[in-house]
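These notes concern the structure reproduced below.
Nothing in this text is a laboratory measurement; each read-out follows from the coordinates by a stated rule. Note that the structure is a prediction, hence the values are computed from the model and not measured. Cβ atoms come from the backbone with ideal geometry, glycine included; neighbour counts cover every protein chain shown.
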Amino acid sequence: MLPASPRARMAHDITYRYRPDPNLYYLTGWEEPESVAVLRLQGDEPTLTLFVRPRDELAETWSGRRLGPQGAIENFGADAAYPIGDLSAKLPELLVGVDTLHFALGRQRPMDDLVLAAVEGARRLARKERTVFPYTIVHPEAHLGAMRLIKDDDEIAALRRVCDTTAAAQLAAMRACRPGMNERDLEAELDYAFRRHGGVGPANPSIVGSGVNATVLHYDRNDAPLRDGDLVLVDAGADQDHYKGDISRTYPVNGRFTNRQRQVYEVVLEAELAAIRAVAPGTTLGAVHHVACRRLIDGLMALEVLAGDPEELLSQSALAPFYPHQTSHWLGLDVHDAAPLDVQTADIELKPGMVFTIEPGLYFPAGAEGCPADLAGLGVRIEDDILVTSTGCEVLTSAVPKAVEEVEREVGSGKGPVQE
Ligand code: GLY
Ligand code: MN
Ligand code: MN
């Protein structure tokens, strides 16, 4: 049983644009809010019962057309459909004869209460009919996590589209960037390109952090001036056809790295390239992370930030102050995509069709302990989206340059911000 995501409130009686729940979309393709899908076996036959918003002329005048129960059957292909208001009355009988209910408890309290009452109702009915009721409730991602981990051909095609859109947006921002602009101007370039290339918009708040703001991992104020001599870290992804992109690039606002900026940048770039080279079926994200961490440690030793035995430094978490996050997360219908619940992401054996990010970084917040003065305020992250293939991997986001000379060539090479 998969309920639609609730609408998120933006202000008083205004909601954000609706984004369907990934699990519900993955299994059914249904996109309307205030809906619940119940997938059951009837005998050996899988059946889809949908509870949906009823047709309502006035409501549809305000917020658009609804399929309604009849449309859900005739136009969408549900086996049965009812108005959402009938859920509590109908659910118990749908649960009779079912021993395991896959439902995510703890997300929406009123739905939890409704489901638990329906399970109790099903227990009473089941006793009369001498059959079972859901005596086990399982988190749906116990199975969906494993299913969503391997992308099929349609999903890979969608991921290619969203990665292309995200790459075009990153390149547009890079080309527009000039001292005197504001972080928000680069965000505007991203937003414009996301829409122009067919996306719904950003998959998550874009991060445009210049200077010391680049050291704040999920910075999203994006309202500081872009200063000559600073780096800017742009981490953003489009949401297109339900799939998400996720690219980070870091570049000098004026198009020329200083020596120190370049040294740090090249350490992160080396780590990113080494991690990508390490990807192949049979290895794990834990191993890929280790490769990235080892390169970052070597780089920090060369920069005289750390000293000692590199493997010992690694095991002592010496990297953590400068690299506090993981190298990878799965990517798909969610930016941080679903994965099996019974095994750690780091331990999952990579297989063709898996898609994830590789995104090492180094961060030196101003005033942080152990941070050399001439590195204070620098933050660099480089992030690409990776598809595991039968022989190794494919970088889905290679259209955005990251080699120093190419980045220096691209930054500021465009017409500049759109003029009114
Ligand atoms: N900025 C979130 C991420 O890259 O995962
Ligand atoms: Mn990112
Ligand atoms: Mn990411």
If each residue of separation counts as 0.36 nm, what is the full-extension length gain between L125 and S413 once their alpha-carbon separation is subtracted?
96.6 nm
Looking at the chain as a GNM with Cα springs under 10 Å, which of T100, T165, T397 has the largest mean-square fluctuation?
T100
Stokes-Einstein diffusion coefficient for the chain at 37 °C in a medium of 0.692 mPa s, Rh from the Kirkwood formula over Cα pairs: what value in µm²/s?
138
For the pair K351 and R256, what calculated FRET efficiency results from E = 1/(1 + (r/R0)^6), where r is the Cβ-Cβ distance and R0 = 35 Å, to the nearest 0.05?
0.25
Relative counts (whole %) of C-alpha pair distances in the stretch 340-389, using bins that are 10 Å wide:
21, 31, 22, 22, 4
Please report how far the C-alpha centroid of the stretch 272-306 lies from that of the stretch 181-231, rounded to the nearest whole angstrom.
27
Which number gives the lysine pairs in the chain that have C-alpha atoms under 26 Å apart and are eight or more places apart or on different chains?
6
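Run through the DSSP bridge list for the stretch 1-145 and note the antiparallel percent, rounded to the nearest 5.
Bridges in the stretch 1-145 that DSSP calls antiparallel: roughly 60 percent.
Below 11 angstrom from the Cβ of G199, what's the summed charge of the other residues (Lys, Arg +1; Asp, Glu -1)?
Surrounding charge for G199 is 0.
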Tell me which of S63, A122, W30 sits at the most positive position along the dipole axis of the stretch 30-182, charges placed on C-beta atoms (Lys, Arg +1; Asp, Glu -1).
S63
Identify which of E266, E34, E60 has the largest mean-square fluctuation in a Gaussian network model of the chain, with springs joining Cα atoms closer than 10 Å.
E60
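Charges at C-beta only: +1 for Lys and Arg, -1 for Asp and Glu. How large is the resulting dipole of the chain about its Cα centre, in Debye rounded to 20? Walk me through the numbers before you get to the answer.
Values: 41 positive and 63 negative charges, 140 e Å.
Dipole size: approximately 680 debye.
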What are the DSSP H helices in the chain that stretch 27 Å or more along their long axis, judged by alpha-carbon atoms, and whose average Kyte-Doolittle hydropathy comes to at least -1.0?
109-129, 153-176
How big is the gap, in Å, between the Cα center of the stretch 1-70 and the Cα center of the stretch 82-122?
16
At 7 Å along the Cα-to-beta-carbon direction for both S88 and R40, put a label point, then send me their distance in nm to one decimal.
2.0
Picking from L144, L41, L24, which is most flexible by a Gaussian network model of the chain using Cα springs under 10 Å?
L41
Using helices alone, what [θ] at 222 nm do you get for the chain, with -39,500 (n - 2.57) per DSSP H run of 4 or more residues, divided over all residues and rounded to the nearest 500?
-11000 deg cm²/dmol
